[in-house]
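Each remark here refers to the structure printed beneath this line.
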Amino acid sequence: MTDSCLPVQGSPGSPYTRKMLAVLRYRRIPYRFLQSENDDLPKPKVGLIPIFYFADDHGELQAEVDSTPIIRRLEEEYPGRSVIPADPAIAFINNLLEDYGDEWLTKAMFHYRWHYQDDIEMAGSVLPHYQDVTQSDGTIAAMKKMFSERQISRLYVVGSNDTTASVIEDSYKRFLHCLNNHLKELPFLMGTRPASADFACFGQLTQLTQFDPTPAKIAAASYPRVHAWVSKMEDHSGLDPAEDGFVSTTGFPSTLRTILKEVGRTYVPVMLANAAAIDQGLDEVTTEVDGKPWAQEPFPYQAKCLQWIRIEYARLDDDDKNRVDEILKDTNCEQLFIK
Ligand SMILES: N[C@@H](CCC(=O)N[C@@H](CS)C(=O)NCC(=O)O)C(=O)O
């Protein structure tokens, strides 16, 4: 390929786009950010953003989506400044936290954005401009209506409904609290250098703490440290990571274990109930989170995520598995691997 800048299509309002742009900046991978659709480029198999265009062996661009495997592919194609810890046990914990960011925090993001009137108004008014800021007010108004109605009608996908609203909101507040405490000790989730879990949580938090008015107010009022962390995460191209900057299983930070307990309280029961519902062909997932009822439609992609985590766990050797088990003991995350 003549142009060595990796083309990426996405939008500033997309948490996964923000996750990936921040990875590219931190890793110093040259890219070009396409903020609108380009008909000359191939379409991905699934209509999601961000889309990465990788050249194949013949130099033809192929469209890829799904941030988690793309991060692993970038690790292979661009050496240095890795966001995946070298120790397999710590890498496993990182992957679990990355999935929590991608698959659980996104529930809070989507819920707040399309549940509350102030938030609907904000997202509905601003997001349509991201395609093209010169669009007329009339065009924007029509898009605002269409887009908001579509997104509100899809709240069920992430499991936001009257039963789950308070569970999702309580979990967002607890996560901010735990992250804030952790950041008093360490600048990143996995140590003194950023890992893919940081980027996943960051992506969702760009919207939650800095865009959508209801969750942003909560963050600004009580967690200015987290607000600042999010702004800093956007561009760590100037950070020089220490080779041994990731945490280790000996002396594992207690504040990170507290975050894992939060993961075990919410993400774990819902991921398990979701996978069980899909296995049994049920049309509703029901469980309890934190003693409160949870009900949503099954989400097949999240059952796959659980399968990937289980495969990864099964691949750990005995020593790595023991060290992971020791960290996850009594966090409820260990339930993910008990069949
Ligand atoms: N698992 C995917 C999720 C990507 C995703 O859900 N993207 C959202 C935007 S943030 C999307 O494209 N939704 C489809 C739509 O809005 O039509 C990833 O990690 O990249």
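The values are calculated or read from the model by the stated rules, or taken from the named source; none is laboratory data. All values derive from a computational prediction rather than experimental measurement. Backbone-built Cβ (ideal geometry, glycine too); neighbour counts: all protein chains shown. Note: accessible area is taken over every heavy atom of the protein model, side chains too, but ligands, DNA and RNA are not part of it. Shrake-Rupley method; radii C 1.70, N 1.55, O 1.52, S 1.80 Å.
Label positions at Q35 and R72, each projected 7 Å from the Cα along the C-beta direction, are separated by 3.3 nm.
Counting only protein heavy atoms and using a 1.4 Å probe, what share of the accessible area of the stretch 88-337 belongs to carbon plus sulfur, as a whole percent? Result for the stretch 88-337: 52 percent of the exposed heavy-atom area is carbon or sulfur.
If R0 equals 35 Å, the separation of the Cβ atoms of K45 and D162 corresponds to a calculated FRET efficiency of about 0.55. The magnitude of the dipole of the chain, with charges of +1 and -1 set on the Cβ of Lys/Arg and Asp/Glu and taken from the Cα centre, is near 740 debye. Packing order of peptides 43-53, 265-275, 307-317, highest average first: 265-275, 43-53, 307-317 (average count of other Cβ atoms within 10 Å over each peptide's residues). The gain in end-to-end length when the W308 to E326 segment is fully stretched comes to 4.4 nm, 0.36 nm per residue minus the alpha carbon separation. By the equivalent-ellipsoid construction on the alpha carbon gyration tensor, the chain comes out with semi-axes of 29, 26, 21 Å, ordered largest to smallest. Which percent of the accessible heavy-atom area of the stretch 6-77 goes to carbon and sulfur, probe 1.4 angstrom? About 46 percent, which is the carbon plus sulfur part of the accessible surface. As a length-normalised measure over Cα pairs under 8 Å and 6 or more apart, the relative contact order of the stretch 18-111 settles at 21 percent. Distance between the C-alpha centres of the stretch 293-314 and the stretch 96-165: 23 Å, rounded to the whole angstrom. In this label model, V133 and T192 are separated by 4.0 nm, measuring between points 7 Å along each Cα→Cβ vector. Estimated at 0.36 nm per residue, the fully extended path between Y116 and L239 surpasses their Cα-Cα distance by 40.5 nm. With 23 Å as the limit, the listed pairs K19/K304; K107/K329; K145/K292; K173/K232; K19/K232; K232/K329 have K107/K329; K145/K292; K232/K329 beyond it between alpha carbons. The smallest convex shape that holds all Cα atoms of the stretch 6-77, its convex hull, gives 90 Å³ per residue. Take each peptide in 215-224, 98-107, count the other Cβ atoms within 10 Å of every residue, and average; sorted highest first, the result is 98-107, 215-224.
Compared with the direct C-alpha span, the chain from H58 to A86 gains 6.9 nm at full extension, assuming 0.36 nm per residue. Rolling a 1.4 Å probe over the protein heavy atoms gives the stretch 1-97 an accessible area of 47 Å² per residue.
Between the residues I71, A22, Y53, the greatest Cα displacement towards the positive end of the dipole of the stretch 6-77, with unit charges on the Cβ of Lys, Arg, Asp and Glu, is found for A22.
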